[in-house]
1. First measure r as the distance between the Cβ atoms of Phe51 and Asp150, then evaluate 1/(1 + (r/R0)^6) with R0 = 35 Å and state the FRET efficiency to the nearest 0.05.
2. Once fully extended, how much extra length lies between Ala363 and Asp39, figured as 0.36 nm per residue of separation less the alpha-carbon to alpha-carbon distance?
3. Is segment 340-488 rounded, prolate or oblate when judged by the Cα gyration tensor, a ≥ b ≥ c being the square roots of its eigenvalues, rounded requiring a/c under 1.5 and prolate requiring a/b larger than b/c?
4. Suppose accessible area is computed on protein heavy atoms with a 1.4 Å probe; arrange Ser140, Ser112 from highest to lowest.
5. Order Arg177, Arg231, most accessible first, counting only protein heavy atoms with a 1.4 angstrom probe.
6. Glu376 label point, 7 Å along Cα→Cβ, cut-off 11 Å on backbone N: hits in segment 449-481?
7. Percent of Cα-Cα pairs per 5 Å bin, from 0 to the last occupied bin, for segment 523-577, please list those.
8. Glu427 to Lys226: extension gain in nm, 0.36 nm per residue of separation minus the Cα-Cα distance?
Amino acid sequence: MADSGPLYLGLDLSTQQLKVLAVKSNLETVFEEAVSFDDDLPSYGVRKGVFVNEKDDEVFAPVAMWIEALDLLLQRMKNKGFDFSRVKGISGAGQQHGSVYWSKSAESLLSSLSTEKSLLEQLSTKAFSWKFSPNWQDHSTSEQVAAFDDRVGGDDLLAKATGSGGHHRFTGPQILRFVQLHPEEYAATSRISLVSSFLASLFLGKIAPIDISDVCGMNLFNIETKTWDDRLISLAASPSGTDPAATKVLYEKLGEVEPDGGKNLGPISSYFVKKWGFPTDCAIIPSTGDNPSTILALPLHPQDAIVSLGTSTTILMSTEKYYPSPAYHMFNHPTQPGLYMFMLCYKNGGLAREEIRDAVNKAKGIHDHSWAQFNEAAIETPVLGKTSPNDKAKLGFYFPLPEIVPNVQNPGFYRFEVDNTSKKVEESKGWDVTHDARAIVESQALSMRIRSAPLLDPKNPQPRRVYLVGGGSRNKAIAHVLADVLGGIEGVYKLDVGNACALGAAYKALWAVERRDSGESFEDLIGSRWSEEGKVEKVMDGYKKGTWEAYGDVVQAYTEAEAKVQRGEVKGDTSLI
Ligand code: XUL
């Protein structure tokens, strides 16, 4: 008999693709499809999903492209025979921080869509007051970020209130810049969505509330008081920061935040029922950010870390401690009130590794983007580039783009050496580029180790398990070096679940629809149905006695060297070879 049980969709509107994944109630993934912005929608002319205006440090994406991607994705699902009538719930994951500016006719357009036409034809351009969405790689808001930090008395106090110090990509500073640069378009804006709530709004047929976890990527929501922070809303609303009428207007544009990540926001809009055959009772569940969604791809234990090796590289942990610091981000957990998500996000993660890969290849006379030489160099280079115990340790910092962690405005490559006895750190006169293959991964992993330390149990200062997800997780050399630096009591694992953030979104939709009225938690429901088989593969032992300690020895030197780079005290190189 043909399978007829319920299906749950998880969508991921990420930087370069729109993906969808369908799961059954038993968590089995039964369908996957994707649309690539660069390859499938070339008429927009984006590269890696975005436009870059280098002059003003702006990075942004056309909203119409995302809408056309959804039209195309649904068409592809239909062409492959996907049975829309089984879908009982939809949730999504969106690249974080990006904002979408709806026009005053948006609500009426969304609620009266005709099945004769595509979403693109009906929504773009009329439903938007601004046709672009600022991207998380944007760094045009230095002035606004300073104003946000100042507003509450410094970046540590901003982190205490909102979970993060001021960041270029965070939505509050982006909104303030929009108010300053585009006052007419801002005045013509009825509502502002995050990328996640924009996605939910399309399916809901009306503007969806902002999600309780993704809202923490705005520098506007006070995690301690669980409400918008009036000091920050009034700053984002008007450059003077003291205009009550403007503040009221911004509150209206932002709307309410939905505290329950599993809330049924309402049934799917009739457009999708009539055009694609979704059932009328298909529930729309809040979409969250791609990172919070990733931690929902498995029942994550305390002391477990997920390292996501995508365009950006992130480390994620779920924690009971609200321990904010400007050095990292804390978000509300997407499904469990009282839990938090710790996150570090490196803009240069994958990008920097790829630059070094290409430089190593070039030095060896290879002119393609294969990883073999990089991997060999990363594995064969000894720990910290030290061939014998008395050698100096090599430390590198690689920022082809301005970096988020640490906040470095000037791109560059920086190499340091640490004396074995005095532990003094000095700029290096340079080394062979093959050393950089290990040094880049060591450097990223050391940053993760140092910054996540306050969240770990002081008696057990290593993660229990490190799970790798994303494109780079297939790379054994990266896993090897991460394991050396981070340790991991049970080891390093590859989470082989396809797209982790789309899967997390699908699980969230499933939990929201199937949880018992008693308020069964996400962990309980997913944990009781989850099996590691076929999904989790141990790729490396974690803790290696002596190795983990060797990295501990350079923590102080690393911190000093990084501070020199951040303060602009060292010049750095503009190319690797
Ligand atoms: C997180 C961040 C990125 C984007 C990528 O703060 O900016 O990870 O969410 O999609």
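The values are calculated or read from the model by the stated rules, or taken from the named source; none is laboratory data. Here the structure is a predicted model, which means the values were calculated and not measured. As a convention, Cβ positions derive from the backbone with ideal geometry for all residues, glycine included, and neighbour counts pool all protein chains shown. Note: accessible area is taken over every heavy atom of the protein model, side chains too, but ligands, DNA and RNA are not part of it. Shrake-Rupley method; radii C 1.70, N 1.55, O 1.52, S 1.80 Å.
1. Numbers: r = 30 Å, r/R0 = 0.87.
Efficiency for this residue pair is about 0.70.
2. Values: separation 324, 0.36 × 324 = 116.64 nm, distance 3.05 nm.
Result for the pair: 113.6 nm of gain on full extension.
3. Values: a/c = 1.42, a/b = 1.18, b/c = 1.20.
Rounded.
4. Numbers: Ser140 20, Ser112 80 Å².
Greatest to least solvent exposure: Ser112, Ser140.
5. Details: Arg177 35, Arg231 100 Å².
Per-residue accessible area, sorted high to low, gives Arg231, Arg177.
6. Within reach of a label on Glu376, which here means backbone N under 11 Å from a point 7 Å along Cα→Cβ, segment 449-481 contributes nothing.
7. Spelled out per bin, shortest first, that is 4, 13, 10, 11, 10, 11, 12, 12, 9, 7, 3.
8. Numbers: separation 201, 0.36 × 201 = 72.36 nm, distance 4.53 nm.
Extending this stretch completely gives an extra 67.8 nm.
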